[in-house]
Amino acid sequence: MPVIKAFQPNLTKLISNLLIASFILLGSTFVAMARDQIVIVGSSTVFPFSTSVAEQFGRNTEFKTPIVESTGSGGGLKLFCAGIGLEHPDVTNSSRRIKKSEFDNCQSKGIAMTEVVIGYDGIVVANLKSAATLNLSLKHIFMATAAKVPAPGCESDCALVENPYKMWSDIDPSLPAKKIEVLGPPPTSGTRDAFQELAMQGGAKAFSTLNALKKSNKSEWKRIVHTVREDGGWIDSGENDNLMVNKLIANPDAVGVFGYSFLEQNADKLKGANVDGIAPSFENIADGQYNISRSLYFYVKHAHIGTVPGIKAFIEEFTSENAFGEEGYLLDKGLIPLFEEERDAIRTQAVSLKKLEL
(Lines give C-alpha, C1' and ligand atoms only; values in the text may rest on other atoms or scores of the structure.)
Protein backbone atom coordinates (compact mmCIF):
# COMPACT_ATOMS: atom_id res chain seq x y z
CA MET A 1 0.00 0.00 0.00
CA PRO A 2 1.24 3.54 -0.70
CA VAL A 3 2.29 5.97 1.97
CA ILE A 4 -0.46 8.58 1.61
CA LYS A 5 -0.74 11.67 3.72
CA ALA A 6 -3.65 14.09 3.23
CA PHE A 7 -2.72 17.16 5.22
CA GLN A 8 -5.52 19.14 6.84
CA PRO A 9 -3.99 22.63 6.96
CA ASN A 10 -5.41 25.54 8.86
CA LEU A 11 -6.38 28.49 6.79
CA THR A 12 -3.46 30.72 7.60
CA LYS A 13 -0.12 31.19 5.89
CA LEU A 14 1.52 30.25 9.18
CA ILE A 15 0.11 26.72 9.05
CA SER A 16 1.00 26.44 5.36
CA ASN A 17 4.56 27.38 6.21
CA LEU A 18 4.60 24.84 9.05
CA LEU A 19 3.58 22.13 6.58
CA ILE A 20 6.43 23.12 4.29
CA ALA A 21 8.85 23.13 7.21
CA SER A 22 7.60 19.67 8.19
CA PHE A 23 8.22 18.39 4.69
CA ILE A 24 11.75 19.80 4.72
CA LEU A 25 12.41 17.98 8.02
CA LEU A 26 10.92 14.83 6.51
CA GLY A 27 13.16 15.37 3.50
CA SER A 28 16.23 15.22 5.70
CA THR A 29 15.19 11.71 6.70
CA PHE A 30 14.83 10.73 3.06
CA VAL A 31 18.38 11.96 2.37
CA ALA A 32 19.76 9.97 5.25
CA MET A 33 18.05 6.89 3.84
CA ALA A 34 19.42 7.46 0.30
CA ARG A 35 15.85 7.82 -0.93
CA ASP A 36 14.59 5.18 -3.36
CA GLN A 37 10.94 6.27 -3.48
CA ILE A 38 9.42 8.99 -5.62
CA VAL A 39 8.00 11.83 -3.51
CA ILE A 40 4.96 13.67 -4.86
CA VAL A 41 3.27 16.74 -3.37
CA GLY A 42 0.64 19.24 -4.46
CA SER A 43 -3.02 19.54 -5.40
CA SER A 44 -5.76 17.93 -3.32
CA THR A 45 -7.80 17.64 -6.54
CA VAL A 46 -5.09 15.68 -8.35
CA PHE A 47 -4.28 13.71 -5.18
CA PRO A 48 -6.73 10.80 -5.79
CA PHE A 49 -5.53 10.41 -9.39
CA SER A 50 -1.87 10.49 -8.40
CA THR A 51 -2.55 8.07 -5.55
CA SER A 52 -4.29 5.64 -7.87
CA VAL A 53 -1.37 5.72 -10.32
CA ALA A 54 1.07 5.30 -7.42
CA GLU A 55 -0.78 2.18 -6.27
CA GLN A 56 -0.77 0.66 -9.77
CA PHE A 57 2.89 1.59 -10.21
CA GLY A 58 3.88 -0.03 -6.91
CA ARG A 59 1.98 -3.23 -7.69
CA ASN A 60 3.06 -3.68 -11.30
CA THR A 61 6.68 -2.53 -11.45
CA GLU A 62 9.95 -3.26 -9.70
CA PHE A 63 9.88 0.16 -8.04
CA LYS A 64 8.57 1.14 -4.63
CA THR A 65 5.18 2.80 -4.36
CA PRO A 66 5.59 6.59 -4.49
CA ILE A 67 4.83 8.72 -1.46
CA VAL A 68 1.92 11.07 -2.26
CA GLU A 69 1.11 14.10 -0.11
CA SER A 70 -1.75 16.58 -0.45
CA THR A 71 -0.40 20.07 0.23
CA GLY A 72 -2.43 22.17 -2.21
CA SER A 73 -1.23 23.35 -5.60
CA GLY A 74 0.46 26.50 -4.34
CA GLY A 75 2.06 24.72 -1.39
CA GLY A 76 3.27 21.92 -3.65
CA LEU A 77 4.88 24.28 -6.13
CA LYS A 78 6.57 26.12 -3.27
CA LEU A 79 8.08 22.84 -2.06
CA PHE A 80 8.95 21.72 -5.58
CA CYS A 81 10.71 24.99 -6.41
CA ALA A 82 12.63 25.14 -3.11
CA GLY A 83 15.64 23.36 -4.63
CA ILE A 84 17.32 20.31 -6.10
CA GLY A 85 18.27 17.34 -3.91
CA LEU A 86 16.67 14.45 -2.13
CA GLU A 87 15.22 16.67 0.60
CA HIS A 88 12.96 18.19 -2.08
CA PRO A 89 10.04 16.51 -3.92
CA ASP A 90 10.43 14.99 -7.37
CA VAL A 91 6.94 15.69 -8.67
CA THR A 92 4.23 18.20 -7.83
CA ASN A 93 0.57 17.99 -8.78
CA SER A 94 -1.42 21.10 -9.64
CA SER A 95 -5.05 21.88 -10.44
CA ARG A 96 -3.90 24.97 -12.35
CA ARG A 97 -0.96 25.78 -14.57
CA ILE A 98 2.23 26.95 -12.88
CA LYS A 99 2.32 30.74 -12.52
CA LYS A 100 5.08 32.77 -14.15
CA SER A 101 6.30 33.88 -10.70
CA GLU A 102 6.51 30.24 -9.55
CA PHE A 103 8.27 29.21 -12.75
CA ASP A 104 10.78 32.04 -12.32
CA ASN A 105 11.40 30.91 -8.73
CA CYS A 106 12.13 27.40 -9.99
CA GLN A 107 14.43 28.78 -12.67
CA SER A 108 16.35 30.79 -10.09
CA LYS A 109 17.15 27.51 -8.31
CA GLY A 110 18.30 25.87 -11.54
CA ILE A 111 15.23 23.64 -11.74
CA ALA A 112 14.22 22.41 -15.18
CA MET A 113 10.90 20.59 -15.45
CA THR A 114 8.45 18.84 -17.71
CA GLU A 115 4.77 19.78 -17.60
CA VAL A 116 2.19 17.00 -18.02
CA VAL A 117 -1.52 17.68 -18.55
CA ILE A 118 -3.52 14.67 -17.33
CA GLY A 119 -7.12 15.63 -18.09
CA TYR A 120 -9.94 17.98 -17.19
CA ASP A 121 -11.94 18.72 -14.08
CA GLY A 122 -14.91 20.97 -13.41
CA ILE A 123 -15.32 23.18 -10.38
CA VAL A 124 -18.69 22.69 -8.75
CA VAL A 125 -20.84 24.53 -6.27
CA ALA A 126 -22.51 21.66 -4.45
CA ASN A 127 -24.81 20.95 -1.55
CA LEU A 128 -26.48 17.97 0.11
CA LYS A 129 -28.81 15.89 -2.03
CA SER A 130 -31.57 16.58 0.49
CA ALA A 131 -31.24 20.37 0.07
CA ALA A 132 -32.84 22.56 -2.58
CA THR A 133 -31.24 22.39 -6.02
CA LEU A 134 -29.44 25.61 -6.93
CA ASN A 135 -29.77 27.07 -10.40
CA LEU A 136 -27.01 29.65 -10.50
CA SER A 137 -25.42 31.94 -13.05
CA LEU A 138 -21.81 33.10 -12.96
CA LYS A 139 -23.23 36.50 -12.02
CA HIS A 140 -25.00 34.96 -9.00
CA ILE A 141 -21.76 33.27 -7.93
CA PHE A 142 -19.81 36.53 -8.10
CA MET A 143 -22.51 38.36 -6.14
CA ALA A 144 -22.52 35.66 -3.46
CA THR A 145 -18.75 35.36 -2.97
CA ALA A 146 -17.04 38.67 -3.78
CA ALA A 147 -15.96 40.98 -0.97
CA LYS A 148 -17.03 44.07 -2.93
CA VAL A 149 -19.78 44.34 -5.51
CA PRO A 150 -21.45 47.15 -7.46
CA ALA A 151 -24.11 48.87 -5.34
CA PRO A 152 -27.47 47.07 -5.61
CA GLY A 153 -29.90 48.63 -8.10
CA CYS A 154 -27.19 50.59 -9.87
CA GLU A 155 -26.93 50.05 -13.64
CA SER A 156 -23.71 51.86 -14.59
CA ASP A 157 -20.86 53.88 -13.08
CA CYS A 158 -21.67 52.26 -9.75
CA ALA A 159 -19.91 52.58 -6.44
CA LEU A 160 -18.29 49.39 -5.19
CA VAL A 161 -19.63 48.49 -1.76
CA GLU A 162 -19.04 45.81 0.85
CA ASN A 163 -21.09 42.78 -0.15
CA PRO A 164 -24.61 43.39 1.23
CA TYR A 165 -26.12 40.06 0.19
CA LYS A 166 -26.88 37.84 3.17
CA MET A 167 -29.42 35.46 1.64
CA TRP A 168 -29.39 33.75 -1.74
CA SER A 169 -32.84 35.28 -2.33
CA ASP A 170 -31.34 38.77 -1.83
CA ILE A 171 -29.41 38.16 -5.05
CA ASP A 172 -32.34 36.74 -7.02
CA PRO A 173 -35.86 36.01 -5.71
CA SER A 174 -35.80 32.69 -7.59
CA LEU A 175 -33.01 31.44 -5.31
CA PRO A 176 -33.67 29.88 -1.87
CA ALA A 177 -34.30 32.12 1.12
CA LYS A 178 -31.25 30.63 2.81
CA LYS A 179 -28.20 32.26 4.31
CA ILE A 180 -25.20 32.46 1.98
CA GLU A 181 -22.50 30.20 3.40
CA VAL A 182 -19.95 29.01 0.86
CA LEU A 183 -17.34 26.56 2.12
CA GLY A 184 -14.38 27.01 -0.18
CA PRO A 185 -10.73 26.09 -0.67
CA PRO A 186 -7.97 28.17 0.96
CA PRO A 187 -5.57 30.55 -0.86
CA THR A 188 -2.96 27.78 -1.31
CA SER A 189 -5.40 25.76 -3.42
CA GLY A 190 -5.36 25.60 -7.21
CA THR A 191 -9.12 25.09 -7.02
CA ARG A 192 -9.39 28.49 -5.31
CA ASP A 193 -7.28 30.10 -8.06
CA ALA A 194 -9.39 28.49 -10.79
CA PHE A 195 -12.66 29.43 -9.06
CA GLN A 196 -11.54 33.05 -8.91
CA GLU A 197 -10.46 33.11 -12.55
CA LEU A 198 -13.35 31.15 -14.06
CA ALA A 199 -16.36 31.72 -11.80
CA MET A 200 -15.79 35.06 -10.07
CA GLN A 201 -14.04 36.72 -12.97
CA GLY A 202 -16.63 35.28 -15.35
CA GLY A 203 -19.48 36.59 -13.23
CA ALA A 204 -17.91 40.04 -12.96
CA LYS A 205 -18.33 40.44 -16.75
CA ALA A 206 -22.05 41.03 -16.13
CA PHE A 207 -21.29 44.44 -14.56
CA SER A 208 -20.45 47.40 -16.78
CA THR A 209 -18.77 49.18 -13.85
CA LEU A 210 -16.28 46.34 -13.46
CA ASN A 211 -15.73 46.09 -17.21
CA ALA A 212 -14.86 49.80 -17.25
CA LEU A 213 -12.52 49.33 -14.28
CA LYS A 214 -10.73 46.54 -16.16
CA LYS A 215 -9.97 48.94 -19.00
CA SER A 216 -8.80 51.77 -16.75
CA ASN A 217 -6.99 49.89 -13.99
CA LYS A 218 -6.56 46.19 -14.66
CA SER A 219 -4.60 45.43 -11.48
CA GLU A 220 -7.30 47.01 -9.29
CA TRP A 221 -9.99 45.20 -11.29
CA LYS A 222 -8.26 41.87 -10.71
CA ARG A 223 -7.91 42.57 -6.99
CA ILE A 224 -11.62 43.37 -6.73
CA VAL A 225 -12.96 40.43 -8.74
CA HIS A 226 -10.62 37.87 -7.11
CA THR A 227 -11.16 38.88 -3.46
CA VAL A 228 -13.63 36.71 -1.55
CA ARG A 229 -15.75 38.10 1.23
CA GLU A 230 -14.64 37.73 4.86
CA ASP A 231 -17.95 38.35 6.62
CA GLY A 232 -18.95 34.70 6.90
CA GLY A 233 -20.38 34.38 3.40
CA TRP A 234 -17.20 32.61 2.28
CA ILE A 235 -15.50 30.23 4.71
CA ASP A 236 -12.03 28.83 3.99
CA SER A 237 -12.32 25.11 4.65
CA GLY A 238 -8.85 23.64 4.20
CA GLU A 239 -7.29 21.37 1.59
CA ASN A 240 -8.98 18.14 2.71
CA ASP A 241 -12.11 17.82 0.60
CA ASN A 242 -13.37 14.90 2.72
CA LEU A 243 -13.83 17.27 5.65
CA MET A 244 -16.06 19.38 3.41
CA VAL A 245 -18.66 16.60 3.28
CA ASN A 246 -18.81 16.46 7.07
CA LYS A 247 -19.22 20.22 7.26
CA LEU A 248 -22.03 20.16 4.67
CA ILE A 249 -23.78 17.38 6.59
CA ALA A 250 -23.49 19.44 9.77
CA ASN A 251 -24.83 22.53 7.97
CA PRO A 252 -27.33 21.48 5.27
CA ASP A 253 -27.92 25.09 4.17
CA ALA A 254 -24.26 25.60 3.22
CA VAL A 255 -22.71 24.91 -0.17
CA GLY A 256 -19.18 23.77 -0.97
CA VAL A 257 -16.76 24.58 -3.78
CA PHE A 258 -14.51 21.74 -5.01
CA GLY A 259 -13.58 19.68 -8.05
CA TYR A 260 -16.10 17.64 -10.04
CA SER A 261 -14.08 14.50 -9.40
CA PHE A 262 -14.82 14.83 -5.67
CA LEU A 263 -18.51 15.36 -6.40
CA GLU A 264 -18.46 12.19 -8.51
CA GLN A 265 -16.92 10.24 -5.63
CA ASN A 266 -19.62 11.50 -3.25
CA ALA A 267 -22.64 11.39 -5.56
CA ASP A 268 -24.59 9.48 -2.92
CA LYS A 269 -24.44 12.50 -0.61
CA LEU A 270 -23.95 15.60 -2.78
CA LYS A 271 -25.32 17.25 -5.91
CA GLY A 272 -23.90 20.06 -8.00
CA ALA A 273 -25.64 23.32 -8.86
CA ASN A 274 -26.53 24.04 -12.45
CA VAL A 275 -24.47 26.97 -13.74
CA ASP A 276 -25.94 29.08 -16.54
CA GLY A 277 -28.40 26.27 -17.16
CA ILE A 278 -25.76 23.54 -17.52
CA ALA A 279 -25.36 20.66 -15.06
CA PRO A 280 -21.83 19.70 -13.93
CA SER A 281 -21.70 16.32 -15.65
CA PHE A 282 -18.89 14.27 -17.21
CA GLU A 283 -20.24 14.91 -20.70
CA ASN A 284 -20.83 18.64 -20.22
CA ILE A 285 -17.33 19.21 -18.87
CA ALA A 286 -15.70 17.06 -21.56
CA ASP A 287 -17.34 18.92 -24.44
CA GLY A 288 -16.85 22.38 -22.91
CA GLN A 289 -20.50 23.24 -22.23
CA TYR A 290 -19.98 23.56 -18.47
CA ASN A 291 -18.01 26.78 -18.19
CA ILE A 292 -16.25 26.33 -14.83
CA SER A 293 -13.68 23.76 -15.89
CA ARG A 294 -9.89 23.56 -16.00
CA SER A 295 -6.96 21.33 -16.93
CA LEU A 296 -5.06 19.29 -14.34
CA TYR A 297 -1.26 18.96 -14.27
CA PHE A 298 1.80 17.46 -12.73
CA TYR A 299 5.38 18.70 -13.00
CA VAL A 300 8.52 16.57 -12.97
CA LYS A 301 11.96 17.77 -11.81
CA HIS A 302 14.60 16.84 -14.40
CA ALA A 303 17.53 16.86 -11.98
CA HIS A 304 16.02 14.01 -9.95
CA ILE A 305 15.59 11.65 -12.90
CA GLY A 306 18.27 8.98 -12.67
CA THR A 307 18.90 9.83 -9.03
CA VAL A 308 15.54 8.72 -7.68
CA PRO A 309 14.61 5.42 -9.35
CA GLY A 310 11.42 5.01 -11.33
CA ILE A 311 10.49 8.58 -12.28
CA LYS A 312 10.42 7.96 -16.04
CA ALA A 313 8.48 4.74 -15.54
CA PHE A 314 5.98 6.62 -13.35
CA ILE A 315 5.45 9.19 -16.11
CA GLU A 316 4.86 6.36 -18.58
CA GLU A 317 2.27 4.76 -16.28
CA PHE A 318 0.43 8.04 -15.65
CA THR A 319 0.22 8.85 -19.38
CA SER A 320 -0.68 5.32 -20.48
CA GLU A 321 -4.04 4.64 -22.11
CA ASN A 322 -4.63 2.21 -19.26
CA ALA A 323 -4.50 5.14 -16.82
CA PHE A 324 -5.64 8.43 -18.40
CA GLY A 325 -7.24 7.04 -21.57
CA GLU A 326 -10.93 7.05 -22.44
CA GLU A 327 -11.45 3.76 -20.59
CA GLY A 328 -8.55 4.13 -18.13
CA TYR A 329 -8.74 3.38 -14.45
CA LEU A 330 -8.54 7.09 -13.56
CA LEU A 331 -12.03 7.63 -14.99
CA ASP A 332 -13.36 5.67 -12.01
CA LYS A 333 -11.86 8.41 -9.83
CA GLY A 334 -13.67 11.13 -11.79
CA LEU A 335 -10.98 12.24 -14.25
CA ILE A 336 -12.36 13.64 -17.49
CA PRO A 337 -9.98 12.51 -20.24
CA LEU A 338 -8.25 14.56 -22.88
CA PHE A 339 -9.16 13.91 -26.49
CA GLU A 340 -7.13 11.17 -28.16
CA GLU A 341 -4.96 13.57 -30.18
CA GLU A 342 -4.24 15.57 -27.04
CA ARG A 343 -3.31 12.44 -25.10
CA ASP A 344 -0.95 11.31 -27.83
CA ALA A 345 0.78 14.70 -27.91
CA ILE A 346 1.00 14.93 -24.10
CA ARG A 347 2.39 11.40 -23.85
CA THR A 348 5.10 12.14 -26.44
CA GLN A 349 6.14 15.34 -24.66
CA ALA A 350 6.05 13.68 -21.24
CA VAL A 351 8.11 10.58 -21.97
CA SER A 352 10.64 12.64 -23.95
CA LEU A 353 10.90 14.99 -20.94
CA LYS A 354 10.21 18.11 -22.99
CA LYS A 355 11.54 21.06 -21.04
CA LEU A 356 8.92 23.59 -20.02
CA GLU A 357 9.47 27.16 -21.22
CA LEU A 358 7.22 30.06 -20.25
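Points worth noting:
- Helices (runs of 4 or more DSSP H) completely within segment 73-151 that count 1 or more residues being aliphatic (A, V, I, L, M), at pLDDT below 95 and over 18 Å from residue 293 (Cα atoms): none
- Test for residue 155: is it open to solvent by 30 Å² or more (accessible area, probe 1.4 Å) and in a strand (DSSP E or B): no
- Of the residues making up segment 286-327, those that are aliphatic (A, V, I, L, M), within 30 Å of residue 273 (Cα to Cα) and in contact with a strand residue (DSSP E or B) (Cβ under 8 Å, 6 or more places away or on another chain) number 3.
- Meets criteria (under 19 Å from the mean Cα position of the chain (by Cα), at pLDDT below 90 and of a type outside the set (A, V, I, L, M, F, W, C)) for residue 288: yes
- Taking segment 288-310 as the range and being in contact with a Pro (Cβ under 9 Å, 6 or more places away or on another chain) and of a type in the set (A, V, I, L, M) as the test, only 292 passes.
- Scanning segment 291-309 for residues that are surrounded by fewer than 22 Cβ atoms within 10 Å (Cβ to Cβ) and in a loop (DSSP other than H, G, I, E, B), we see that the one that is nearest to the chain's Cα centre (by Cα) is 291.
- Taking (1) at pLDDT 95 or above; (2) closer than 22 Å to residue 191 by Cβ; (3) out of contact with any Cys (no Cβ under 7 Å at 6 or more places or on another chain) in turn, residue 61 satisfies each apart from (2).
- Restricting attention to segment 49-66, the residues being surrounded by fewer than 24 Cβ atoms within 10 Å (Cβ to Cβ) and either in contact (Cβ under 8 Å) with a residue 60 or more places away in the chain or farther than 25 Å from residue 239 by Cβ (or both) number 10.
- Restricting attention to segment 349-358, the residues that are open to solvent by less than 50 Å² (accessible area, probe 1.4 Å) and under 20 Å from residue 95 (Cα atoms) add up to 2.
- Conditions (1) open to solvent by 10 Å² or more (accessible area, probe 1.4 Å); (2) in contact (Cβ under 8 Å) with a residue 24 or more places away in the chain; (3) not small (Gly, Ala, Ser): number failed by residue 107: (2)
- Scanning segment 256-273 for residues that are outside any strand (DSSP E or B) and either aromatic (Phe, Trp, Tyr) or open to solvent by less than 10 Å² (accessible area, probe 1.4 Å) (or both) turns up 260, 261, 262, 273.
- Some residue of segment 181-189 being among the polar types (S, T, N, Q) and touching a strand residue (DSSP E or B) at 6+ places or on another chain (Cβ under 7 Å): no
- Here the condition is being farther than 30 Å from residue 75 by Cβ, open to solvent by less than 60 Å² (accessible area, probe 1.4 Å) and not assigned by the TED database to the domain that holds residue 74; of 145, 133, 209, 188, it holds for 209 alone.
- Listed here are the helices (runs of 4 or more DSSP H) enclosed by segment 159-249 that have at least 3 residues being among the aliphatic types (A, V, I, L, M): 208-216.
- Residues being more than 16 Å from residue 51 (Cβ to Cβ), touching a residue at least 40 places away in the same chain (Cβ under 8 Å) and buried (at least 17 other Cβ atoms within 10 Å of the Cβ) - total across segment 316-348: 5
- For segment 37-46, the condition holds for at least one residue, the condition being that it is in contact with a helix residue (DSSP H, G or I) (Cβ under 9 Å, 6 or more places away or on another chain), open to solvent by 10 Å² or more (accessible area, probe 1.4 Å) and either modelled with pLDDT of 55 or more or among the charged types (D, E, K, R) (or both).
Here's the yes/no breakdown for (1) over 22 Å from the mean Cα position of the chain (by Cα); (2) more than 21 Å from residue 44 (Cα to Cα); (3) assigned by the TED database to the domain that holds residue 288; (4) among the polar types (S, T, N, Q):
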position	(1), (2), (3), (4)
64	yes, yes, no, no
73	no, no, no, yes
155	yes, yes, yes, no
161	yes, yes, yes, no
168	yes, yes, yes, no
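The values are calculated or read from the model by the stated rules, or taken from the named source; none is laboratory data. Note that the structure is predicted; figures quoted are calculated from it, not measured. A quick note on method: Cβ atoms are made from the backbone with ideal geometry, for glycine too, and the neighbour counts reach across all protein chains shown. Each accessible area value is taken on the protein alone, full model and side chains, heavy atoms only, with ligands, DNA and RNA left out. Shrake-Rupley method; radii C 1.70, N 1.55, O 1.52, S 1.80 Å.
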